[in-house]
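Just below is one structure, and these are the notes that go with it.
The numbers here are math on the coordinates, done by the rules we state, and not lab data. No experiment lies behind these values; they were computed from the predicted model shown. When we count neighbours, we look across all protein chains shown, and the Cβ atoms used for this are built from the backbone with ideal geometry, even at glycine.
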Amino acid sequence: RTRQYIPLHLLYNLIEPVMIGNYLQNRDFTALNKRCQLLYKSNLILLIPVLAWLGAAGVFIITTLPGGKYKGYLWLLMVVMLQLTVGSHVVLLQLILNSVGKSALLVKAGMIALISMALFLMIAMLVNVQFLVVGPLVFSLICNAYIIHALKNQGYPYKLSWQLFLGTSISGVIAFLVGVVTAKQHLLLINQPVVISVV
């Protein structure tokens, strides 16, 4: 449900025709690469602060919203948000594959990722059943790695610039600090003694 409101997923049907049209007109993969990085940055600007906020004040958020009912599952929520962050990059790579006419690579990536995830799940069941939760994250990571490697081999060197993470990292740090301050203020209010005066 959350995935539907991530910018790249929400606007995909509008973005795809424009991106493909621009690439077919200019055949400039470098420009396509830059545009896609800007799209991914729009996702990171939203998702990284959410992850940072959960890390700083996740217990406070879960305690406040559902009344502490799911307090023990904060780690699960963070895993889901991390998977959405990585999974949205697979959607971006799908956009690139459709633009350069290599969409068949997405099917191959999915098959390889499924086989790899099945092996991971078998190992997880032998080691620790709780590792099963990160199965979708493993799937997304393998899809990303395979598609990027396949694009490079076919003459489309997709590069994710580290400068992309600079602004989003700053927003994450700010969100983390705000979360810490909010959580501490909440604890102070709870622990503050209440004085009742009778007139």
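Key figures
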item: Contour minus Cα-Cα distance for residue 115 and residue 149 (0.36 nm per residue); result: 10.5 nm
item: Distance between modelled label sites at residue 10 and residue 26, nm, 7 Å Cα→Cβ extension; result: 2.6 nm
item: Cα gyration tensor category, rounded, prolate or oblate, for region 75-119 with a/c compared to 1.5; result: oblate
